[in-house]
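Written below as structure tokens is the structure these notes are about.
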Amino acid sequence: MSKEKIRQIIESIVTTDGVFETGLSGVQLFRVSKPLECTPGVYEPSIAAIVSGSKEFFFDGKMHVYDSEHYMCCSVTMPLQAGTPNATPENPLLGVYITLDPRIMTELAIEIESVASVKRTLKGAPEPHGITLAQWDASFTDALVRLLQLGGSPKASAALGAGRLKEVYYAILEGDAGDSARQAFGVGNGIARAIEYMSSNLDKTITIDEIATRVGMSKTVFHRKFKEATSMSPIQFAKSIRLNSAAMKIARGVNVSEAAMEVGYMSSSQFSREFKRQYGQSPRQWNNTNLL
């Protein structure tokens, strides 16, 4: 089994640009054949595996590019700017996007951690990053092929889909992204729980003390671990995810003032200042040049 087989499956289903459902829960195929500049977005826990072309995203103060040699694993909800500047009709971006089911990932992570031979992260060691570019290995490739082969059969998808998706999850947990994924979904996933709480309450005023207490950490430890995992302080993260979420809403046609309020900004002028500082354009200017 190989990446070429995955590409053949995608090309047999996807003939135009866009994101397409496969009939398998949380599994989508995508195609992009024109350059797209980096735009803000909020990535839920997921993986993106590319078999043709390349994609880039801005994280940790620098641009990262990945292609068919690595898949991206986002273990926690993250505000990112991503794009496909090199996509062309001759060399389109083709790939698979899989949303990670927290319940299944947690069950698997805990089962793996319960095995005595699993090497746990040493106490005091840096928190794994919430985003990992993981090497494609044979286990991941084989599991992904087996999963996508079900897409053409509703009966097979219903009977075997959950099991084969679990095989993909297992390959992720055992691969290069394993440390990050187990930290997010396994025992002691305090930072992941904090991020989930913050991203689910964008319209509320939340203090760092409150979140640290919620996940059972001192403020100092929480701040350090949070920055290790996201490369941002909690305050920077909160601002970034609010602005990215607002940008996505505006791109979908939501009024600027309404989008600002939905992500917790009571002052439209403050929102516009911070938006322009982040993206170099006012919300209205950005909307005019980034219509989807």
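Values quoted throughout were computed directly from the atomic coordinates according to the rules given, and no laboratory measurement underlies them. For clarity, every value in this text was computed on a predicted model and none was experimentally measured. We place every Cβ from the backbone using ideal geometry, glycine too, and count neighbours over all the protein chains shown.
List of remarks:
- Cα→Cβ-extended label distance, 7 Å offset, between residue 69 and residue 33, nm: 2.8 nm
- Shown is the FRET efficiency for residue 269 and residue 213, computed with R0 = 35 Å from the Cβ-Cβ distance and rounded to the nearest 0.05: 0.60.
- The chain: most fluctuating residue of 179, 137, 67 per GNM, C-alpha cutoff 10 Å: 137
- 14 Å beta-carbon shell around residue 265, net charge (K/R +1, D/E -1): +3
- Using a Förster distance of 25 Å, the FRET efficiency for residue 91-residue 235 (Cβ separation, nearest 0.05): 0.05
- Taking 0.36 nm per residue of separation and subtracting the Cα-Cα distance, full extension of the segment from residue 285 to residue 17 would add 93.9 nm.
- FRET E, pair residue 135, residue 155, Förster distance 22 Å, beta-carbon r, rounded to 0.05: 0.05
- Eligible aspartates and glutamates near residue 155 by straight Cα distance, threshold 18 Å, same-chain separation 8 or greater: 21
- Stretchable slack from residue 4 to residue 200, in nm (0.36 nm times residue separation minus alpha-carbon distance): 66.7 nm
- Placing +1 on the Cβ of every Lys and Arg and -1 on the Cβ of every Asp and Glu, with no other charges, gives the chain a dipole of roughly 620 debye about its Cα centre.
- Cα centre as origin, Lys/Arg/Asp/Glu Cβ charges: the range 156-236 dipole, Debye: 160 debye
- Selection from 271, 97, 259, by position along the positive dipole direction of the chain (Cβ): 271
- Proximal lysine pairs, the range 187-287, alpha carbons under 21 Å, eight or more residues apart or interchain: 10
- Max mean-square fluctuation residue, GNM over the chain, Cα-Cα springs under 10 Å, options 135, 183, 270: 270
- Full-extension gain in nm, residue 167 to residue 58, via 0.36 nm per residue minus C-alpha separation: 36.3 nm
- Across all Cα atoms of the chain, the radius of gyration (one decimal) and Dmax (whole number) stand at 19.6, 56 Å.
- GluC sites (Glu not before Pro) within the range 1-109: DSSP coil, no more than 10 neighbouring Cβ in 10 Å: 90
- Along the chain, the exposed loop sites are trypsin sites (Lys or Arg not before Pro) outside DSSP states H, G, I, E and B with at most 15 other Cβ atoms within 10 Å, and the longest stretch free of them is 1-118.
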